[in-house]
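What follows is a set of notes on a single structure, which appears directly below.
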Amino acid sequence: MKGLAINHQMLHDVKMPMRKDYLTGNVSLGYPKTRILYDIQDDKIELKIPAFLALELYRKGCIPQDPEVTFPVSLSGKKIGMYRLADLRYPDTGENISITLVKA
């Protein structure tokens with residue numbers, strides 16, 4: 001499976017701070033490539049990612065809140081274009097958020 005990067009951040013490399021462990025230091029959460037689902041069609045990318053990952057992408061500014069702001073998307077290190085956020089949907093069931101990006 002190829003790694004997807006949004007705004008220069010590989011999604012499977014995002015580390016989310018959870019708590020401080022006094023014996024080993026900081027503990028963080030991350031998701032493997034198998035939990036990051038995407039479908040690339042022409043000028044659109046449909047993502048299905050865990051809710052915590054979507055939240056962290058917003059917190060870090062990888063996905064801007066302004067739908068007019070564009071950002072680069074890469075697949076396995078190869079830039080596939082500039083995109084903008086078109087839609088974000090919460091799940092009916094499960095924990096995956098659906099995000100639609102469209103080419104700018």
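Quick check on the stretch 78-104: of everything there that is more than 17 Å from Leu55 (Cα to Cα) and among the hydrophobic types (A, V, I, L, M, F, W, C), which residue is modelled with the lowest pLDDT?
Ala104
How many residues does the stretch 16-26 hold that are surrounded by fewer than 12 Cβ atoms within 10 Å (Cβ to Cβ) and under 20 Å from the mean Cα position of the chain (by Cα)?
Number of matching residues: 2.
Name every residue in the stretch 9-53 that is at pLDDT below 95 and in contact with a Ser or Thr (Cβ under 8 Å, 6 or more places away or on another chain), in order of residue number.
Lys15, Met16, Pro17, Met18
One line per residue, one yes/no per condition, for (1) more than 14 Å from the chain's Cα centre (by Cα); (2) hydrophobic (A, V, I, L, M, F, W, C):
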position: Thr34; (1), (2): no, no
position: Glu56; (1), (2): no, no
position: Gly61; (1), (2): no, no
position: Pro64; (1), (2): no, no
position: Val73; (1), (2): no, yes
position: Met82; (1), (2): yes, yes
position: Thr100; (1), (2): no, no
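Does Thr100 satisfy the criteria of being closer than 22 Å to Met1 by Cα, among the β-branched types (Val, Ile, Thr) and not in a strand (DSSP E or B)?
No; evaluated as a whole, the condition is false for this residue.
Within the bounds of the stretch 2-14, is there any residue that is surrounded by fewer than 14 Cβ atoms within 10 Å (Cβ to Cβ), under 13 Å from the mean Cα position of the chain (by Cα) and farther than 15 Å from Lys103 by Cβ?
Yes, the stretch 2-14 has at least one match.
Please work out if Arg89 is within 12 Å of Ile99 (Cα to Cα) and without any contact (Cβ under 8 Å) to a residue 24 or more places away in the chain.
Considered against the rule, which asks whether it is within 12 Å of Ile99 (Cα to Cα) and without any contact (Cβ under 8 Å) to a residue 24 or more places away in the chain, Arg89 comes out as yes.
I'd like to check which strands (runs of 3 or more DSSP E) are fully inside the stretch 32-93 and have at least 3 residues that are surrounded by 12 or more Cβ atoms within 10 Å (Cβ to Cβ) and of a type outside the set (Val, Ile, Thr).
Output list reads 44-50, 71-75, 78-89.
The values are calculated or read from the model by the stated rules, or taken from the named source; none is laboratory data. Keep in mind it's a predicted model, so treat the numbers as computed, not measured. Positions of Cβ are backbone-derived with ideal geometry, glycine not excepted, and every protein chain shown enters the neighbour counts.
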